[in-house]
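The values are calculated or read from the model by the stated rules, or taken from the named source; none is laboratory data. Here the structure is a predicted model, which is why all the values come from computation and not from measurement. Cβ: placed from backbone, ideal geometry, glycine included. Neighbour counts: every protein chain shown. Areas reflect the complete protein model, heavy atoms only, side chains present, ligands, DNA and RNA absent. Shrake-Rupley method; radii C 1.70, N 1.55, O 1.52, S 1.80 Å.
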Amino acid sequence: MRDVLDDLIGWWQAGETVGMGTVVATWRSAPRPAGASMLVGPDGTAVGSVSGGCVEGAVYEEAKDVVETGEPTLERYGVSDDDAFAVGLTCGGILDVFVESVSRESFPELGEVAESVENHEPVAVVTVVKGPDDRLGRRLVLWPDRESGTLGLQRLDDAVAADARGMLAAGRTGLLHVGHDGERRGDDLTLFVNSFAPPARMVVFGAIDFAAAVARVGVFLGYRVTVCDARPVFATPKRFPDAHEVVVEWPHRYLQAEVDAGRIDERTVLCVLTHDPKFDVPLLEVALRIPVAYVGAMGSRRTHDERESRLREAGLSDAEIARLSSPIGLDLGARTPEETAVSIAAEIIAGRWGGSGERLAGIEGPIHRTAERAEPAL
């Protein structure tokens, strides 16, 4: 919904009713992730995409019907690879799309949700996408410290809120299955938790030319990018115009302060480009002992060997050192700062989704490595 939120809130504020289809689950090589949304406006305008074009026509017609009837529906699109083209989902993936009508009456909290997204305040929208007719489409909106709406029963709200806030803290969007009254071992209700967490952070240490390219790619990937260096002559906004902020501080002090302030989480990626022992060894002592998504350090293999020896002398364990990606990046043959930035970004993406870094043309199996091979029931 984030991609279509501006259009959605405009129609909502005007008092219009909008049809909205949202991907709530995917399997195999589905083209769009859970949370991708498509709108059908009051004038028939289509905004957004749930499949990159494969089944938009079917969702469009379903959304128009839902606006007329007011009855939400869960639709599944996709068949086997051999027959997919005839149906329209050419990739052979499987999508579950929840189609509903959105208006001031059906979603009174939308204005607050849009404000929270704009202000980078964490918020999760929980919707019943499968269950009894009296629960289908009910919604609970959760912030870290408050909530609005109801799924129909206080015990259910309490149970779902606890689990959904855990997903929100991790920035995870997906399904929850609970019993009618919130029993965690039940499956009477299927709920879609759409998490709108602040952007994940990328912190780039070392104000060098490679850092400018890494910052640019980081912003392109959706990270909130910080460049940090202890040298004020180099760490300037003019040299790093793409970064969201440039900080002059010793790297290890800055990182520890951000950890203590709770601004570093399991989605954070750390790129250490200083390749100077007086900077990177104290920094890596902190970085390799905190739960983050990625820690990479630039340098030659000789630099890496010397760095590893210094880290062992500093007391880091084999398991902690094994978390370090060094030399940083994938083997793309990169030479320029821009090419190196792509190499680093490729390693971060591969680590996030379980990719091998090999050419897709040379391997078999699903393109999306986290996708399920078997089709589960929903």
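Under 1.5 on a/c is rounded, so check that first for the stretch 223-266, then, if it is not, pick prolate when a/b is larger than b/c and oblate when it is not; a ≥ b ≥ c are the square roots of the alpha carbon gyration tensor eigenvalues. Oblate shape, in that a/c is at least 1.5 and b/c is the bigger or equal ratio.
Report the FRET efficiency, 1/(1 + (r/R0)^6), for E266 and D181, where r is their Cβ-Cβ distance and R0 is 22 Å, rounded to 0.05. Plugging the Cβ-Cβ distance into 1/(1 + (r/R0)^6) gives 0.10.
Treating the beta-carbon of each Lys and Arg as +1 and of each Asp and Glu as -1, no other charges, what is the dipole magnitude of the stretch 223-336 about its Cα centre, to the nearest 20 debye? Using Cβ point charges on Lys, Arg, Asp and Glu, the stretch 223-336 gives about 320 debye.
The alpha-carbon atoms of the stretch 55-213, seen along their principal axes, cover 57, 46, 34 angstrom, with the largest extent given first. If you take the C-alpha gyration tensor of the stretch 92-173, multiply each eigenvalue by 5 and take the square root, what semi-axes do you get, largest first, in whole Å? Semi-axes (√(5λ), whole Å): 19, 16, 15.
Converting phi to 3J(HN,Hα) with the Karplus coefficients 6.51, -1.76 and 1.60 and the offset θ = phi - 60°, the stretch 312-318 yields 5, 4, 7, x, 6, 7, 4 Hz in sequence order, with x at every glycine or proline. Under the convention that each Lys and Arg Cβ holds +1 and each Asp and Glu Cβ holds -1, the size of the dipole of the chain around its Cα centre is about 1480 debye. Estimated purely from DSSP H runs of n ≥ 4, each contributing -39500 (n - 2.57), the mean residue ellipticity at 222 nm for the chain is -9500 deg cm²/dmol once divided by its residues.
Taking all protein chains as present, what is the carbon and sulfur share of the accessible area of the chain, in % to the nearest whole number, probe 1.4 Å? With neighbouring chains kept in place, the figure for the chain is 48 percent.
Modelled spin-label separation between D43 and N119, with each label point placed 7 Å from Cα along the Cα-to-Cβ direction: 3.1 nm.
With the charge dipole of the stretch 1-45 set up from +1 on Lys and Arg Cβ and -1 on Asp and Glu Cβ about the Cα centre, the Cα lying farthest toward the positive end among the listed residues A14, V24, V4 is that of V24. Relative protection proxy for 133-141, 55-63, from highest mean packing down: 55-63, 133-141 (other beta-carbon atoms within 10 angstrom).
Shape analysis of the stretch 184-245 yields a ratio of the Cα radius of gyration to the Kirkwood radius, Rg/Rh, of 1.34. Multiplying the residue separation of R2 and T69 by 0.36 nm and subtracting their alpha-carbon distance yields 21.6 nm.
Only beta bridges with both residues in the chain are counted; by DSSP, about 70 percent of them are antiparallel.
The smallest convex shape that holds all Cα atoms of the stretch 114-157, its convex hull, gives 75 Å³ per residue. Note on E61 and A14: with the Förster distance fixed at 22 Å, the Cβ-Cβ geometry gives a FRET efficiency of about 0.40. Proximity of backbone amide H atoms, modeled 1.01 Å from N, is registered between V295 and L270, S325 at under 5 Å, excluding neighbours fewer than 5 places apart on the same chain.
Both radii were evaluated on the Cα set of the stretch 205-338; the Rg over Rh quotient, with Rh as the Kirkwood radius, amounts to 0.93. Relative to the dominant Cα principal axis of the chain, helix 251-260 is inclined by about 40°. Multiplying the residue separation of D276 and R146 by 0.36 nm and subtracting their alpha-carbon distance yields 42.2 nm. Summarised as an ellipsoid, the stretch 128-191 has semi-axes of 18, 13, 11 Å, derived from the eigenvalues of the Cα gyration tensor scaled by 5 and square-rooted, with the largest first. Computed from the Kirkwood radius of its Cα pairs, the Stokes-Einstein diffusion coefficient for the chain at 20 °C and 1.002 mPa s stands at 94 µm²/s.
Note: the stretch 137-264, Cα convex hull, 129 Å³ per residue.
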